[in-house]
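S.K.: What follows is a single structure, and I will ask about it in a moment.
The values are calculated or read from the model by the stated rules, or taken from the named source; none is laboratory data. The shown structure was predicted, so the numbers you read here are calculated from the model rather than taken from an experiment. Positions of Cβ are generated from backbone atoms using ideal geometry, with glycine treated the same way; all protein chains shown enter the neighbour counts.
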Amino acid sequence: MVATGPWAGRFFNELGVSTPLTVTHQQVVYYPALEPGLWRVGRCPVYIAHGRGGFYGFPECERPGFIKVAVETNVAIDDPDEPPGPSDTESLDRLNHLVATRLRGIDPHPADVVTCRYTETADRDFIAARHPAHANVVLASPCSGHGFKFSILTGDLAQTLATTPGPEDAHPNWRACFALEKPAGGELATESRE
Ligand SMILES: Cc1cc2nc3c(=O)[nH]c(=O)nc-3n(C[C@H](O)[C@H](O)[C@H](O)COP(=O)(O)OP(=O)(O)OC[C@H]3O[C@@H](n4cnc5c(N)ncnc54)[C@H](O)[C@@H]3O)c2cc1C
């Protein structure tokens with residue numbers, strides 16, 4: 001079973017699978033909370049603004065006194081072995097502006113920027129499928145920036161495929177969004193699908 005996150009595309013290629021996976025640089029930003037009461041858990045929900053200029057964020061919980069907010073970037077990374085680079089300044093400037101103009105009770109000067117990576121399929125769905133030529137190899141990727149909450153289902157489907165024979169669509173819960181083949185012409189969406 002191959003479930004190697006940002007390295008999945010490289011493994012898939014080496015195994016002769018052509019499904020393209022893109023790795024992008026992402027970053028989350030911590031801002032000081034000037035009015036902590038406004039941002040406390042129980043008063044402030046997790047929030048997402050969709051569409052152009054969209055962003056998402058959280059109540060004050062992970063780091064006391066700070067709020068975590070992010071916009072998705074589309075900065076592609078060629079080599080997942082490269083150490084995470086510095087922040088994407090264009091996205092950071094955009095987020096600073098959004099925080100200053102859309103949110104209140106926050107100092108819009110970033111206290112910290114943490115970088116990480118998305119692995120993305122062409123249609124931003126997931127993968128849990130057998131290798132087309134080697135039925136004993138299962139490929140899995142709960143990816144595309146919204147895969148964490150589907151990771152249990154993805155893992156369950158992957159272990160079912162690994163331990164039982166038969167086509168994917170014979171298995172309960174298997175859906176086309178886990179297929180290896182993605183619709184042609186798909187492109188990275190900038191809009192979050194949370
Ligand atoms: C900023 C950010 C925000 C996100 N927000 C959300 C969200 O709101 N909701 C949501 O559902 N998802 C979200 N996600 C996406 C989610 O976190 C990922 O889709 C998910 O964690 C991917 O899981 P994975 O198991 O495929 O990969 P990973 O968690 O990256 O695991 C892959 C593992 O494979 C290991 N590995 C790699 N190569 C090898 C090897 N050769 N041998 C052995 N092990 C190897 C790695 O060390 C790693 O432990 C977000 C991601 C980011 C970066």
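S.K.: Could you check Asn74 against (1) of a type outside the set (Ser, Thr, Tyr); (2) away from the ligand (no atom under 16 Å from the Cβ); (3) at pLDDT below 95 and say which number it fails?
M.R.: In the conditions (1) of a type outside the set (Ser, Thr, Tyr); (2) away from the ligand (no atom under 16 Å from the Cβ); (3) at pLDDT below 95, Asn74 misses (2) alone.
S.K.: If you don't mind, another one. Any chance the stretch 124-134 includes a residue that's among the aromatic types (Phe, Trp, Tyr), outside any strand (DSSP E or B) and in contact with a strand residue (DSSP E or B) (Cβ under 9 Å, 6 or more places away or on another chain)?
M.R.: yes
S.K.: Which of (1) hydroxyl-bearing (Ser, Thr, Tyr); (2) within 11 Å of the ligand (Cβ to nearest atom); (3) out of contact with any helix residue (DSSP H, G or I) (no Cβ under 8 Å at 6 or more places or on another chain) does Thr4 not meet, given it meets every other one?
M.R.: (3)
S.K.: Moving on. In the stretch 48-67, is there at least one residue being in a loop (DSSP other than H, G, I, E, B) and among the aliphatic types (A, V, I, L, M)?
M.R.: Taking every residue of the stretch 48-67 in turn, none turns out to be in a loop (DSSP other than H, G, I, E, B) and among the aliphatic types (A, V, I, L, M).
S.K.: Please verify whether Ser144 is within 19 Å of the chain's Cα centre (by Cα), part of a loop (DSSP other than H, G, I, E, B) and assigned by TED's automatic domain parsing to the domain that holds Ile127, treating the condition exactly as stated.
M.R.: yes
S.K.: While we're here: Looking only at the stretch 157-171, count every residue that is over 23 Å from Arg10 (Cα atoms) and either part of a helix (DSSP H, G or I) or within 13 Å of the ligand (Cβ to nearest atom) (or both) and tell me the total.
M.R.: 5
S.K.: Go through the residues of the stretch 32-54 one by one and say whether even a single one is surrounded by 16 or more Cβ atoms within 10 Å (Cβ to Cβ) and within 13 Å of the ligand (Cβ to nearest atom).
M.R.: Looking through the stretch 32-54, none of the residues is surrounded by 16 or more Cβ atoms within 10 Å (Cβ to Cβ) and within 13 Å of the ligand (Cβ to nearest atom).
S.K.: While we're here: Return the residue satisfying two criteria in turn: it lies in the stretch 62-71 and is surrounded by fewer than 17 Cβ atoms within 10 Å (Cβ to Cβ) and modelled with pLDDT of 95 or more, and of such residues it is nearest to the ligand (Cβ to nearest atom).
M.R.: Arg63
Residues checked against (1) over 30 Å from Leu34 (Cβ atoms); (2) away from the ligand (no atom under 16 Å from the Cβ); (3) modelled with pLDDT of 95 or more:
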position: Asp88; (1), (2), (3): no, no, no
position: Ala100; (1), (2), (3): no, yes, yes
position: Pro108; (1), (2), (3): no, yes, yes
position: Ala128; (1), (2), (3): yes, no, yes
position: Ser141; (1), (2), (3): yes, no, yes
position: Asn173; (1), (2), (3): yes, yes, no
position: Cys177; (1), (2), (3): yes, no, no
position: Leu180; (1), (2), (3): yes, no, no
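S.K.: Being out of contact with any Cys (no Cβ under 8 Å at 6 or more places or on another chain) and touching a residue at least 40 places away in the same chain (Cβ under 8 Å) is the filter here, so list the residues in the stretch 38-56 that pass it.
M.R.: Hits for the stretch 38-56 are Trp39, Ile48, Ala49, His50, Gly51, Arg52, Gly53, Gly54, Phe55, Tyr56.
S.K.: Related question: Suppose we keep only residues that are in contact with a Pro (Cβ under 7 Å, 6 or more places away or on another chain) and within 14 Å of the ligand (Cβ to nearest atom) within the stretch 117-126. Which one would you say is nearest to Val69 (Cα to Cα)?
M.R.: Arg117
S.K.: Do we have His146 as within 20 Å of Pro20 (Cβ to Cβ) and more than 13 Å from the ligand (Cβ to nearest atom) here?
M.R.: Answer is no for this residue.
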